[in-house]
Amino acid sequence: MAAGLPVALALLLSLPVPPLAADEGVLGSAEFASEAGESRAPEPAPRAAKPSAEPIEQQVKPRAAQDKPFEILGQSIAPGSREPVTWPVSINSIQFQVPVVVAHGGRQGPVMCITAALHGDELNGIEIARQVIYGLEPDTLAGTLVVVPIVNMEGFMKQERYMADRRDLNRFFPGDPKGVTPARYAHGLFQRVILKCDALIDLHTGSYYRTNLPQLRADLTDERVARMVSLFGGMTVLHSQGSRGMLRNAAVEEGIPAVTMEIGGPLSLEPEAVEYGVKAIKTFFGELGMTRSFRFWSTPQPVFYESEWVLADHSGILLAEVELGEKVLEGEVIAQVINPVTNSSQQVLAPYSGTVLGMAVNQFVSPGYVIFRIGKQRTEDEMRAEALRDSQAEDSTDRALDRLVDSEEELP
Ligand SMILES: [Zn+2]
């Protein structure tokens, strides 16, 4: 990484780079200080667990003016204002600034957090986060919004999913101040930002040559998370327990309800998908009473899906015959896989009727490659009952596959 990186980043993001707060050490944040040979700052004080059953919406007090500033990362944000701040980190003695944007409302309410680009090549979330925080009016906001638009700054600068050491940051939360680099990075973000949140939306896209219909992934066995997903309007919702080390799992374990929002594919900005994500988050804030409410949806209830993967059985060029979001019928041809050497063509059939929730972009595939995720609609009750059964069941092939290709998670 070039020594000029901090300057380049500051220019790129047009953010001021304030001097480090006194407790952050010369070479960067406390969590990296020991790696850099500096003395370690004291560990944060133990934090009381958040009340397990308090709905987020009860924290909104619409008529109560906010008179206290919001303190984060050694900086103080006045009520009714929006300001960029920075989280200074240091890796291998090279310090850089991770931008954080805070809108502290003129009225009291919860602290909402949005994280994007934990995977550095996932761009749609960065734009969603920008539109959300710069689209609201801090004066009338009830509560506080904290946005970390580019969590994995290393990956982002290289247009890569992982951190520079080839590890998936989203497997290391809540982090470890003495662990490998991504564990230390995760620890810093978790201690200094995430623990301030009353709820968290973590923005992702499909991974490597895959794209997803806008959807929420959430652990519906958790009451507060299930309540949270009901406030995003008519979004597609999939139950997913996630796995150890994922940011949303670590947050939920701390009593902070969290969902993942999947929007489109990596490495490009998709305006329609971005607009959809912005609409869903605005609906959520409106439903909570943090902002005025919006009427974006003809059917404002979430749509729950159970889903399975469709795998390629042959190798060749994949040519899909359906689009994301399309409804398919059992037995319908949804793709062709054409062998470029023999010119033979194999049809891929829909194994059941449903909706295309995720798919591989057209590319060369091998037998066993995951090419579609097809969802079957379920009622909320069916979905939650299934989620509870699933949480008690032995590991299924489907869940093992989820871990391999789920875009929140690590690929082999
Ligand atoms: Zn991701």
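The values are calculated or read from the model by the stated rules, or taken from the named source; none is laboratory data. Note that the coordinates shown come from a computational prediction; the quantities given were computed from them, not determined experimentally. Cβ sites come from the backbone with ideal geometry, for glycine too, and all protein chains shown count toward neighbours.
Is one or more of the residues making up the range 299-309 within 30 Å of residue 367 (Cβ to Cβ) and touching a His at 6+ places or on another chain (Cβ under 6 Å)? It would help to see each step written out before you state the result.
We begin by selecting, within the range 299-309, every residue within 30 Å of residue 367 (Cβ to Cβ); these are 305-309.
Those left that are additionally touching a His at 6+ places or on another chain (Cβ under 6 Å): none.
No, the range 299-309 contains no residue that is within 30 Å of residue 367 (Cβ to Cβ) and touching a His at 6+ places or on another chain (Cβ under 6 Å).
Every residue in the range 77-110 that is closer than 22 Å to residue 177 by Cβ and of a type in the set (Val, Ile, Thr), please. Outline the logic, then answer.
Step one: filter the range 77-110 for residues closer than 22 Å to residue 177 by Cβ, giving 85-98, 100.
Answer for the range 77-110, where residues must be closer than 22 Å to residue 177 by Cβ and of a type in the set (Val, Ile, Thr): 85, 86, 89, 91, 94, 98, 100.
Is it fair to say residue 173 is touching a residue at least 24 places away in the same chain (Cβ under 8 Å), within 14 Å of the ligand (Cβ to nearest atom) and within 18 Å of residue 265 (Cα to Cα)? First the steps, then the outcome.
On the way: touching a residue at least 24 places away in the same chain (Cβ under 8 Å): yes; within 14 Å of the ligand (Cβ to nearest atom): yes; within 18 Å of residue 265 (Cα to Cα): no.
For residue 173, the condition - touching a residue at least 24 places away in the same chain (Cβ under 8 Å), within 14 Å of the ligand (Cβ to nearest atom) and within 18 Å of residue 265 (Cα to Cα) - is not met.
Of everything in the range 241-277 that's of a type in the set (Asp, Glu) and closer than 30 Å to residue 191 by Cβ, which residue is nearest to the chain's Cα centre (by Cα)?
Of all residues in the range 241-277, those of a type in the set (Asp, Glu) come to 253-254, 262, 270, 272, 275.
Adding the requirement that they be closer than 30 Å to residue 191 by Cβ leaves 253-254, 262.
Values: 253: 16, 254: 17, 262: 7 Å.
Once the filter is applied, the top-ranked residue is 262.
Mind listing just one residue for me: the one in the range 253-311 that is within 16 Å of the ligand (Cβ to nearest atom) and assigned to a loop (DSSP other than H, G, I, E, B) and, of those, surrounded by the most Cβ atoms within 10 Å (Cβ to Cβ)? Before the answer, list the steps.
Going through the range 253-311, the residues within 16 Å of the ligand (Cβ to nearest atom) turn out to be 258-270, 273-274, 277.
Then drop every residue that is not assigned to a loop (DSSP other than H, G, I, E, B), which leaves 265-270.
Numbers: 265: 26, 266: 23, 267: 14, 268: 12, 269: 11, 270: 18.
So, considering only residues that are within 16 Å of the ligand (Cβ to nearest atom) and assigned to a loop (DSSP other than H, G, I, E, B), the one surrounded by the most Cβ atoms within 10 Å (Cβ to Cβ) is 265.
Restricting attention to the range 314-329, does a residue exist that is modelled with pLDDT of 95 or more, farther than 19 Å from residue 361 by Cα, of a type outside the set (Val, Ile, Thr) and assigned to a loop (DSSP other than H, G, I, E, B)?
yes
I'm trying to understand the selection: among the residues of the range 184-215, which are in contact with a Leu (Cβ under 9 Å, 6 or more places away or on another chain) and either away from the ligand (no atom under 16 Å from the Cβ) or not assigned by TED's automatic domain parsing to the domain that holds residue 116 (or both)?
Residues satisfying the conditions are 190, 192, 193, 194, 199.
Could you say which residue among 269, 238, 247, 288 is at pLDDT below 95 and farther than 30 Å from residue 336 by Cα? Even if it seems obvious, please write down each step before you answer.
Details: 269 fails: farther than 30 Å from residue 336 by Cα; 238 fails: farther than 30 Å from residue 336 by Cα; 247 fails: at pLDDT below 95.
The unique qualifying residue is 288.
Taking the condition assigned by TED's automatic domain parsing to the domain that holds residue 246, touching a helix residue (DSSP H, G or I) at 6+ places or on another chain (Cβ under 8 Å), in a loop (DSSP other than H, G, I, E, B) and surrounded by fewer than 22 Cβ atoms within 10 Å (Cβ to Cβ), does residue 179 pass? It would help to see each step written out before you state the result.
Values: assigned by TED's automatic domain parsing to the domain that holds residue 246: yes; touching a helix residue (DSSP H, G or I) at 6+ places or on another chain (Cβ under 8 Å): yes; in a loop (DSSP other than H, G, I, E, B): yes; surrounded by fewer than 22 Cβ atoms within 10 Å (Cβ to Cβ): yes.
So residue 179 fits the description; yes.
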